[in-house]
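Participant: I'd like to ask some things about the structure below.
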Amino acid sequence: MTCAGQQTAAIASLARWHLEEAGRAELEAGNTGLPSRRLRLLSAARYHRDCAELAREELP
């Protein structure tokens, strides 16, 4: 695999990881009864979705 190919694969993997983390945070937010924890989890999910979008923008 070329260097560019390795970089593309790494960025795609990072984007997937961020999306998985966002999904986990959203799921946990739906399962918690603590309002402040729910807000923190939803904020974390938003952060991970934003990071995934930024990573996707770097893909060729």
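The values are calculated or read from the model by the stated rules, or taken from the named source; none is laboratory data. All of these numbers come straight from a predicted model, not from anything done at the bench. No Cβ is skipped: glycine too gets one built from the backbone with ideal geometry, and neighbour counts run over all protein chains shown. To get the accessible areas, we keep the full protein, side chains included, count just its heavy atoms, and leave off ligands, DNA and RNA. Shrake-Rupley method; radii C 1.70, N 1.55, O 1.52, S 1.80 Å.
Participant: With label points built 7 Å along Cα→Cβ from the Cα atoms of ARG16 and LEU42, find their separation and express it in nm.
Facilitator: 3.0 nm
Participant: Next question. What accessible surface, in Å², does a 1.4 Å probe find on ARG56, ignoring ligands, DNA and RNA and rounding to the nearest 10?
Facilitator: Around 100 Å² of this residue is reachable by solvent.
Participant: If ligands, DNA and RNA are left out, what is the accessible area of LEU14 with a 1.4 Å probe, given in Å² to the nearest 10?
Facilitator: 80 Å²
Participant: Using the Cα centre of the chain as the reference point, and only Cβ charges (+1 on K/R, -1 on D/E), how large is the resulting charge dipole? Debye, rounded to the nearest 20.
Facilitator: Dipole size: approximately 260 debye.
Participant: Follow-up. Which entry is the computed Kirkwood radius over Cα pairs in Å for this structure: (i) 12.9; (ii) 11.8; (iii) 12.3?
Facilitator: Given (i) 12.9; (ii) 11.8; (iii) 12.3, the structure-derived one carries the label (iii).
Participant: Which order do CYS51, CYS3 take when ranked by solvent-accessible area (1.4 Å probe, heavy atoms of all protein chains), largest first?
Facilitator: Order by accessible area, largest first: CYS3, CYS51.
Participant: Still on this structure: Suppose all protein chains stay in the model; what accessible area per residue would a 1.4 Å probe give for the chain, in Å²?
Facilitator: Accessible area per residue: 72 Å².
Participant: Please report, as a whole percent, how much of the solvent-accessible surface of the chain comes from carbon and sulfur atoms (probe radius 1.4 Å).
Facilitator: 58 percent
Participant: For ARG56 and THR32, compute 0.36 nm times the residue count separating them, minus their Cα-Cα distance, and round to one decimal in nm.
Facilitator: 5.6 nm
Participant: Starting at the first residue of the stretch 17-27, write each ³J(HN,Hα) from the Karplus equation 6.51 cos²θ - 1.76 cosθ + 1.60 with θ = phi - 60°, in whole Hz, x for Gly and Pro.
Facilitator: Couplings: 4, 4, 5, 5, 5, 4, x, 4, 5, 5, 5 Hz.
Participant: Related question: Pairing the Cα long axis of helix 35-58 with the longest principal axis of the chain, what angle in degrees results, from 0 to 90 and rounded to the nearest 10?
Facilitator: Helix 35-58 sits at roughly 10 degrees to that axis.
Participant: Tell me which of ALA12, LEU41, LEU54 sits at the most positive position along the dipole axis of the chain, charges placed on C-beta atoms (Lys, Arg +1; Asp, Glu -1).
Facilitator: LEU41
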